[in-house]
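Everything below concerns the one structure shown next.
The values are calculated or read from the model by the stated rules, or taken from the named source; none is laboratory data. The structure displayed is predicted, hence computed values, not measured ones. Positions of Cβ are generated from backbone atoms using ideal geometry, with glycine treated the same way; all protein chains shown enter the neighbour counts.
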Amino acid sequence: MHWLARHRLSILAGICGFWTALVVTARFVPEAPFFSTVWRNEQSFEDLLRREGRKTATHPDFVFLGIDQSTLQLPLFTPDELRNNRAFQLMTERPFPWSREVWALLLDRLLGAGARLVMFDLVFNPPNDGDPAFHAALEKYRDRVVVGSNIDSANGNQLVVPNETLLPSAAADARVGYVNFWPDAIDGKIRAARFTITDRQLAGLAPHPSEEVFQSLSARALEKLGRADAVPRDQRAHVIRFSAIDAYQPLPLYEVFDPKFWHQNYADGSFFKDKIVVVGSSAQVQHDTVDTPLSPDTPGPVMHLHAMAAAIDREFLRNTPLSTDYALVCAAGLLAWGIIGFVRRPLVCILLLIGVGAAYVGGARLLYDKSGLFILVVPVLAAFLMSGAFSLGFEYTLERLEKLRTRRTLERYVSKNLVKEILENPTAYYDTLRGTRKETIILFSDIVGFTAKSERADPEALVQQLNQYLSCMTSVVFAHDGTLDKFIGDAVMAVWGNVSSRGTAEDAKAAARAAVAMRRELRKLNEQWRATGTEELKIGIGINQGEVLVGNIGSEEKMDFTVIGDAVNLASRLEALTRTYQVDILLGPTVTELVRDEFYLRTVARVLVKGKTRPVEVCALIAARDDDVDLEFLRWLESYEEGIRKFRERDFMQAKILFSRFLEFYPDDELAKMYLERALEYEQEPPDETWNAVEVFTRK
């Protein structure tokens with residue numbers, strides 16, 4: 001225990017270092033359950049920032065014309081509507097893919113209405129009827145249209161381009177860009193856009209001056225818009241800040257050809273003036289959706305708009321370098337060690353751990369919103385909170401062990417309930433040390449004739465016997481929730497109500513039960529000593545109640561937590577009177593009334609002890625009412641009590657008769673003998689008129 005306390009900071013450093021090293025190691029062993037939870041959840045947290053944090057501004061000039069279910073199935077048109085609408089005729093002749101003349105008609109419709117650019121997220125590879133009409137439209141609007149190609153990873157990253165009828169030398173045509181987005185290897189989500197890529201890069205080869213560079217559809221579109229400067233040319237994947245999830249909702253493509261919608265919804269085409277329009281699938285049945293942090297079903301064409309918006313606004317996201325990540329994890333472990341190691345207050349430590357963690361998350365959100373920087377969060381918090389939690393656990397264990405050791409040490413010197421109060425309610429205890437007045441019960445117990453016994457006994461054997469006796473009496477006091485105030489030589493002073501109280505009556509009964517238990521335990525000890533030839537002991541006990549001063553009293557060098565006052569003095573006098581009246585337990589007047597309902601009592605005398613100006617009634621404690629007692633004795637005790645009343649009423653003759661009757665059955669009762677002698681004496685020579693049956697004692 002001492003070793004743990006002495007090396008506390010080193011052990012805490014070991015705990016924090018262990019969790020820090022574990023989190024850092026997790027980066028290199030991602031398949032382990034704990035490790036994958038820590039580092040993969042970092043990606044989930046970053047996605048949460050993408051969903052809840054700042055977005056790239058929605059560009060109102062971006063429009064998505066979707067080939068949706070309504071476009072694929074088309075409503076029923078009247079013969080006149082079909083007769084006068086070439087596009088609908090072509091779209092109803094056969095299922096999708098339609099004649100490519102439809103796309104030529106679409107270009108005429110949109111670009112004729114003033115659209116700036118039309119992007120086709122479609123790869124027109126197999127030849128199709130209508131190719132000549134579409135080719136003518138592509139040539140007519142060559143500076144305002146781009147079409148898609150596809151890098152087919154299933155066939156060795158082959159580039160699939162529009163057929164030669166549409167675009168001869170399509171691979172090098174500035175109107176053709178690949179539509180691919182590459183998902184993350186870990187979870188298959190798309191978070192980044194590659195605006196350019198090379199054939200060697202696709203083949204996994206090192207860069208070379210002879211490599212061929214391909215551009216994405218969004219890169220080609222930006223060039224057509226005069227924003228070539230916004231296109232990153234480094235062939236790297238650029239993590240983009242997405243626009244809002246509902247930023248670019250699809251418009252049904254067929255409505256562009258329907259005169260009713262063209263007029264009502266698109267203001268006869270003026271809606272499309274200066275717009276950038278992407279055309280592509282938005283129908284679930286065509287499965288042109290991708291998994292992104294915003295949604296698992298993000299339409300593929302919309303990704304091009306997200307990429308273009310991010311490029312125009314320079315909304316690219318970045319992560320801190322790996323070295324910075326490790327530094328943050330190590331700093332988290334160090335900070336946890338500092339908090340737990342030096343704050344030393346568990347509640348404050350917990351609040352600091354929570355507060356620092358929350359502040360770090362808030363800082364991560366702020367950096368994401370303001371600068372697009374992802375700082376490591378989940379592994380850092382894992383190292384910080386796990387280090388803090390396990391360090392707190394060690395601190396708690398150490399504190400419990402320290403408290404247990406302190407308790408065991410203190411209990412060798414002071415009572416258990418005082419130790420409990422010191423350890424569990426130190427504030428109240430220290431307030432008491434400054435001094436306070438309380439109603440308490442005081443018990444004094446002393447060995448009869450111990451001074452004479454000590455002069456003739458073997459010192460070693462006597463000390464052993466005294467220690468055995470005091471240990472037993474102390475255990476009795478503790479068992480009845482009393483406070484061991486002190487040993488005064490062979491005397492025991494115990495108090496109830498000085499540290500904690502269950503009420504004066506309950507404290508008095510606890511003290512009375514302790515006194516009866518002391519009597520019982522001494523009988524057992526005497527039986528043991530009798531068997532070994534050791535001289536037996538006899539004790540006297542005095543119990544009193546009253547207001548006392550409780551506090552830490554003594555000199556600057558030595559102080560004791562004790563009680564002082566008149567009630568304490570009277571308890572000591574009562575213990576001394578047990579020798580005079582030949583009884584073992586005497587109770588003061590207030591204690592007598594407090595315990596009468598649970599104990600059998602016997603009137604002893606009215607006494608005026610040294611230091612008191614008024615006499616007090618004292619009684620002897622016979623036994624608890626739930627103990628096994630001599631019922632015959634209790635019946636004859638009524639004669640004794642009646643004799644006391646007659647004695648105090650100066651009817652000495654009747655008192656003599658009653659005491660004599662009691663002594664016939666209990667001839668060895670010293671108290672009855674004393675009163676019989678006095679009754680006989682007063683019968684012959686009655687006391688004067690001022691006599692009030694009070695015994696005056698001028699010695700302690």
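Details
- Residue match in the range 599-611 (condition: part of a helix (DSSP H, G or I) and among the hydroxyl-bearing types (Ser, Thr, Tyr)): no
- Elements of type strands (runs of 3 or more DSSP E) in the range 212-256, at least 1 residues being out of contact with any Ser or Thr (no Cβ under 8 Å at 6 or more places or on another chain) and outside the structural domain of Arg142 (by TED's automatic domain parsing): none
- Of all residues in the range 297-321, those satisfying the criterion of being part of a helix (DSSP H, G or I) and in contact with a Pro (Cβ under 9 Å, 6 or more places away or on another chain) are Pro301, Val302, Ala311.
- Candidates are the residues of the range 26-43 that are part of a helix (DSSP H, G or I) and over 25 Å from the mean Cα position of the chain (by Cα); the one that is modelled with the highest pLDDT is Gln43.
- Looking across Ala104, Ala87, one residue alone is buried (at least 16 other Cβ atoms within 10 Å of the Cβ), assigned to a helix (DSSP H, G or I), touching a residue at least 12 places away in the same chain (Cβ under 8 Å) and in contact with a His (Cβ under 9 Å, 6 or more places away or on another chain). It is Ala104.
- Qualifying positions in the range 528-573 - in a loop (DSSP other than H, G, I, E, B) and within 45 Å of the chain's Cα centre (by Cα): Glu556, Glu557, Lys558
- Test for Leu637: is it under 19 Å from Ile442 (Cβ atoms), of a type in the set (A, V, I, L, M), part of a helix (DSSP H, G or I) and more than 55 Å from the chain's Cα centre (by Cα): no
- Complete set of residues in the range 229-253 that are over 48 Å from the mean Cα position of the chain (by Cα) and loosely packed, with under 13 Cβ neighbours inside 10 Å: Asp229, Arg233, Asp234
- The single condition among (1) within 52 Å of the chain's Cα centre (by Cα); (2) in a helix (DSSP H, G or I); (3) modelled with pLDDT under 90 that Glu81 does not meet is (1).
- Look at the range 166-178: where a residue is more than 18 Å from Leu117 (Cα to Cα) and at pLDDT below 90 and a partner is not in a loop (DSSP other than H, G, I, E, B) and not polar (S, T, N, Q), sitting 6+ places away or on another chain with Cβ atoms under 9 Å, you get Ala170/Val147; Ala170/Val176; Ala171/Leu159; Ala171/Phe214.
- Residue tally, condition of a type in the set (Lys, Arg) and more than 24 Å from Glu689 (Cα to Cα), over the range 643-678: 2
- When the range 356-392 is limited to residues that are of a type in the set (Ser, Thr, Tyr) and in contact (Cβ under 8 Å) with a residue 60 or more places away in the chain, the one that is nearest to Ile11 (Cα to Cα) turns out to be Ser391.
- Being buried (at least 22 other Cβ atoms within 10 Å of the Cβ) and farther than 19 Å from Thr590 by Cβ is a condition met by no residue of the range 506-514.
- Flag for Val492 being crowded, with 22+ Cβ neighbours inside 10 Å, β-branched (Val, Ile, Thr) and either out of contact with any Pro (no Cβ under 8 Å at 6 or more places or on another chain) or assigned to a helix (DSSP H, G or I) (or both): yes
- Flag: Glu46 matches the condition of being crowded, with 19+ Cβ neighbours inside 10 Å, closer than 30 Å to Arg241 by Cα, under 60 Å from the mean Cα position of the chain (by Cα) and among the acidic types (Asp, Glu).
- If you go through the range 661-686 and pick out every residue that is under 25 Å from Leu621 (Cβ atoms) and either buried (at least 17 other Cβ atoms within 10 Å of the Cβ) or not basic (Lys, Arg) (or both), you end up with 17.
- Verdict on Lys275 being in contact with an Asp or Glu (Cβ under 7 Å, 6 or more places away or on another chain), basic (Lys, Arg) and within 23 Å of Ile67 (Cα to Cα): yes
- Residues (crowded, with 18+ Cβ neighbours inside 10 Å and either more than 15 Å from Arg513 (Cβ to Cβ) or not assigned by TED's automatic domain parsing to the domain that holds Gly449 (or both)) located in the range 463-482: Gln465, Leu466, Tyr469, Thr474
Conditions (1) among the β-branched types (Val, Ile, Thr); (2) assigned to a helix (DSSP H, G or I); (3) farther than 24 Å from Ser44 by Cα, marked per residue:
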site: Asp268; (1), (2), (3): no, yes, yes
site: Ser295; (1), (2), (3): no, no, no
site: Ser323; (1), (2), (3): no, yes, no
site: Ile350; (1), (2), (3): yes, yes, yes
site: Ala359; (1), (2), (3): no, yes, no
